[in-house]
1. Which of the residues spanning the range 121-151 are at pLDDT below 90 and either among the charged types (D, E, K, R) or exposed (fewer than 13 other Cβ atoms within 10 Å of the Cβ) (or both)?
2. Which of the residues that make up the range 111-128 are without any contact (Cβ under 8 Å) to a residue 12 or more places away in the chain and not small (Gly, Ala, Ser)?
3. What are the pairs with Cβ atoms under 9 angstrom where one residue, in the range 144-164, is over 14 Å from Phe28 (Cα atoms) and the other, located anywhere, is part of a loop (DSSP other than H, G, I, E, B) and basic (Lys, Arg)? Sequence gap at least six, or different chains.
4. When Ile156 is evaluated against the numbered criteria (1) surrounded by 16 or more Cβ atoms within 10 Å (Cβ to Cβ); (2) assigned to a helix (DSSP H, G or I), which criterion, by number, is the only one it fails?
5. If you scan the range 87-111, which residues turn out to be among the aliphatic types (A, V, I, L, M), touching a strand residue (DSSP E or B) at 6+ places or on another chain (Cβ under 7 Å) and part of a helix (DSSP H, G or I)?
6. Tell me which of these Tyr74 doesn't satisfy, since it passes every other one: (1) more than 18 Å from Ala153 (Cα to Cα); (2) assigned to a strand (DSSP E or B).
7. Going through the range 6-26 one residue at a time, which ones are within 19 Å of Ser151 (Cβ to Cβ) and at pLDDT below 85?
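The values are calculated or read from the model by the stated rules, or taken from the named source; none is laboratory data. For clarity, every value in this text was computed on a predicted model and none was experimentally measured. Here Cβ is always computed from backbone atoms with ideal geometry, including for glycine, and neighbour counts include all displayed protein chains.
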Amino acid sequence: MSASLPPLEFEVDGLYILLCDQGSTYTFHWMFYLAKTPGSGVIYRLINVNPADHKTWTYDTSATENVNETYTIYVALQIGSMEPALHEALGDRLAEVDTRYSNHFHTAMTCRVWALEALVDLDELGYIKLTRDTTDIEREAVSAAMVNKSSQACRIFKSRGADI
């Protein structure tokens, strides 16, 4: 988040939803993060490369050595733990989530909607085990991110809506 804050320490093989700064007070950039080591991992996200066109979204994935130096993270919500044998399959599955329209939520696509759509898919396919619906997980993540944004902090915690 800033040079004065220590690097975030993630649980190895932990799957997280990250809510990051995107310049607006009440909205965040949503992405998944799979920790391969305490300090490095893989980002999975949906990006809009042309902000003038709110309908064209692209799936993007990249390795990162220190995610909190690349993004201003306000919350890292752990939603699962992945066996190393599933890491590649997880990325393949996230790449298959529709980027045009949400079939579960029947709404236009955004990075938030894509992440929630992916949560449903990952739960249905057994990659993660949700114990609450995605609305509760969304509320949990957003409320923590808003508190953290106001204090310029980041919090890593396990979701109450997932069996980890």
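1. Correct list: Lys149, Ser150, Ser151.
2. As a first pass, look at the range 111-128 and keep what is without any contact (Cβ under 8 Å) to a residue 12 or more places away in the chain: 113, 123-124, 126.
The answer is Val113, Asp123, Glu124.
3. Ser159/Arg132; Arg160/Arg132; Gly161/Arg132; Ala162/Lys129; Ala162/Arg132; Asp163/Lys129; Ile164/Lys129
4. (2)
5. Correct list: Leu90, Leu94, Ala95.
6. Checking Tyr74 against (1) more than 18 Å from Ala153 (Cα to Cα); (2) assigned to a strand (DSSP E or B), the one that fails is (1).
7. Of the range 6-26, the ones within 19 Å of Ser151 (Cβ to Cβ) are 6-8, 18-26.
Within the range 6-26, Pro6, Pro7, Leu8, Gln22, Gly23, Ser24, Thr25, Tyr26 meet the criteria.
Let's see how each residue does on (1) closer than 26 Å to His54 by Cα; (2) among the β-branched types (Val, Ile, Thr); (3) touching a helix residue (DSSP H, G or I) at 6+ places or on another chain (Cβ under 6 Å):
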| site | (1), (2), (3) |
| --- | --- |
| Thr70 | yes, yes, no |
| Glu96 | yes, no, no |
| His104 | yes, no, yes |
| Ile137 | yes, yes, no |
